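The structure under discussion appears below in the form of C-alpha cells.
The values are calculated or read from the model by the stated rules, or taken from the named source; none is laboratory data. The model shown is predicted, which means the values in this text are computed figures rather than measured ones. Cβ coordinates were reconstructed from backbone atoms using ideal geometry, including for glycine residues, and neighbour counts include every protein chain displayed. Surface areas here come from the heavy atoms of the whole protein model, side chains and all, with no ligands, DNA or RNA. Shrake-Rupley method; radii C 1.70, N 1.55, O 1.52, S 1.80 Å.
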Amino acid sequence: MIERLLIHFGFAFVATICFAILLNVPRHAFLAGGLIGGTTWDLYVVIYYHLHVGLALSNLVAAILIGILSMVAAKLQRQPMILYNVPALVPFVPGGQAYKVVRYFVLGNYGVSLGYLYQVIVIAGAITLGFGLGDLINTAIYGRHHWHAAPFSQLKGWKKRD
Amino acid sequence: MTQEEMNLAVSTCLLAGQILIENGSNMERVNDTMYRIAANAGLKSFQAFTTVTGVVASSDHCANAQVVDVRIRRNDLTRIAQVNAISRDFADHKIELKEAYQRLSMVDQTSTKQPVLLQCLAAAIMSFTLMIVFTGDTQDTLAAFLVGGSSYWVYLWLVSTFRVRYLGEFCTALMIGALASTVVHFGLAQRVDDIIIGSIMSLVPGVPITNAARDIVSGNGISGITRMLEALLTAAAIGCAIVLVLRYL
C-alpha cells in the first residue's frame, strides 16, 4: 500500500513537472506544481482504488484539492494560480478512456465505446465542477478582489437623467 | 491627465490583455489585470470588451477607443507570470506608466522558448510515466519514451514550419499510431494501446479545456464557447488520426 502510493507519487510528480516544461512554466514553480500533482494523484488512488466511492466523487475531491492547494502555492510564491493547477491536472485527464472510446468505435463495438464515453464525460464534468467548487472555497477563505467595470449609468461625471 | 497620457494608459491595458490572451490565460484574469492597470493609471471609466479573438477598450467616454486583433494561440505560462509581475509592480507604484508599457512590450517581443531537445525530453518522460500511471504497463517503457519524444519533435517542427492549428496534431497523432504499430510489429514492445495512450498525452489540449470551463463559469460566454470549440476540434483531430491508424494498420 505505502509502496504503491510512493510509486504513484513519484510518477505523477515527474509527469506534472514534464507537462510544466511543455507549457513553459517558470522554473521556480516546478517543485510546488509537482508536489500538488503527486499529492492529489495519491489521494485519488486512495479514494478510487481503496475506498471505492466511484469515479465522479473521487475526481471531484481531487479537483477541489488541486484548486485549494494551487491557491495556497500561488499566495505563497505571489504568482498566478494557473502555473500550478494546469500542470497538476495532467494525471486526471481521461486520456486512456478517450482512447478506448475511439478504439472500440473502430472495432464496431459501440456498446463498450459508449460506456467509455460516459466515463470521459463524467470525469470531465467532475473536474470542471471541482475547479468551480475549489474557486468558491478559495473565495470564502481569501475573499474576492476582482475588478470590474461599473455599470454604465452609475459612472461619475455623468449628468443624472431627469 | 493629458490626452497623450490617457492614450498611453489605454494602450498599456490593451497590450497586457493581448499578451495574456495570446499565451493562454483565462478571461477573468485578463479583465482583472486590464481594469487594475486602468484604475492604477487613473483612468476614470475604463471599459473593455474582451474576446479570445480581439480586445476593444476605451476610457472616460472619449474618442480614444483602441482595438487589438488577437490571432496567436500559445501556451506560454512564463509570459503570464511576467505580466502579472509587471501589473503588481505598477500597482505598488514601483514603476511609472511609461516603464510599464516598455516592459510589457519587452515581454511581448523577447522569446521565452525552451530548447527543442529539452521539450522533446520532457514529452518523452511524460509519455512513459503517464503510460505507467494509466495502464500499469511497465514492459513498454522504452518504446513509449522513444515514440513520445520523436513524435513531439515532429509536432514542434510541423507547428513552427507550417503554422497550422489542427493539422499539426492530426499528423502527429498519425505518426504516433504508425510508430507504435511498427514497434510492436517488430516485436520490440507488446501493447500498441498503452504506447499510444502514453504518447498522445503531450498533444492533449489541457489549457484550453481548463480555460473554457472557467470562462463559461465566470460568465465570459463568447470566450468560453470559442475555447471549448477549439479544444474539441483539437481532440477530434487526434481522434480521427487514431481512427485511421487503428482501422488501416
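Table: residues versus (1) outside the structural domain of B:Ala38 (by TED's automatic domain parsing); (2) surrounded by fewer than 21 Cβ atoms within 10 Å (Cβ to Cβ); (3) touching a Leu at 6+ places or on another chain (Cβ under 9 Å).
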{"residue": "B:Ala122", "(1), (2), (3)": "yes, no, yes"}
{"residue": "B:Leu142", "(1), (2), (3)": "yes, yes, yes"}
{"residue": "B:Tyr155", "(1), (2), (3)": "yes, no, yes"}
{"residue": "B:Arg163", "(1), (2), (3)": "yes, yes, no"}
{"residue": "B:Glu169", "(1), (2), (3)": "yes, no, yes"}
{"residue": "B:Leu174", "(1), (2), (3)": "yes, yes, yes"}
{"residue": "B:Gly177", "(1), (2), (3)": "yes, no, yes"}
{"residue": "B:Ala189", "(1), (2), (3)": "yes, no, yes"}
{"residue": "B:Ser202", "(1), (2), (3)": "yes, no, yes"}
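For the range B:119-215, please list each of the helices (runs of 4 or more DSSP H) lying entirely inside it that holds at least 3 residues being away from chain A (no Cβ under 11 Å). Break it down stepwise before answering.
Values: elements: B:141-162, B:167-185, B:192-200.
Ranges flagged: B:141-162, B:167-185.
Kindly list, by first and then second residue, each pair from a residue in the range A:98-109 that is closer than 14 Å to B:Ala236 by Cα and more than 7 Å from chain B (Cβ to nearest Cβ) to a residue that is open to solvent by 40 Å² or more (accessible area, probe 1.4 Å) and among the aliphatic types (A, V, I, L, M), limited to pairs with Cβ atoms under 7 Å and residues at least 6 apart or on different chains.
A:Val101/A:Leu117
Can you name the residue in the range B:204-225 that is of a type in the set (A, V, I, L, M) and farther than 19 Å from A:Val90 by Cα and, of all such residues, is least open to solvent (accessible area, probe 1.4 Å)?
Narrowing the range B:204-225 to residues of a type in the set (A, V, I, L, M): B:204, B:207, B:209, B:212-213, B:216-217, B:222, B:225.
When the remaining residues are screened for being farther than 19 Å from A:Val90 by Cα, the result is B:216-217, B:222, B:225.
Details: B:Ile216: 80, B:Val217: 105, B:Ile222: 102, B:Ile225: 114 Å².
The qualifying residue least open to solvent (accessible area, probe 1.4 Å) is B:Ile216.
Out of the residues in the range B:48-73 that are more than 11 Å from chain A (Cβ to nearest Cβ) and of a type in the set (D, E, K, R), which is farthest from the chain's Cα centre (by Cα)?
Filtering first and then ranking leaves B:Asp69.
Taking the range B:124-180 on its own, how many of its residues are more than 24 Å from the chain's Cα centre (by Cα) and on the phi > 0 side of the Ramachandran plot?
Of the residues in that region, 1 qualify.
Before we move on, is B:Tyr101 in the same structural domain as B:Thr182 (by TED's automatic domain parsing), in contact with a helix residue (DSSP H, G or I) (Cβ under 9 Å, 6 or more places away or on another chain) and farther than 28 Å from A:Tyr44 by Cα?
Details: in the same structural domain as B:Thr182 (by TED's automatic domain parsing): no; in contact with a helix residue (DSSP H, G or I) (Cβ under 9 Å, 6 or more places away or on another chain): yes; farther than 28 Å from A:Tyr44 by Cα: yes.
No: the conditions fail for B:Tyr101.
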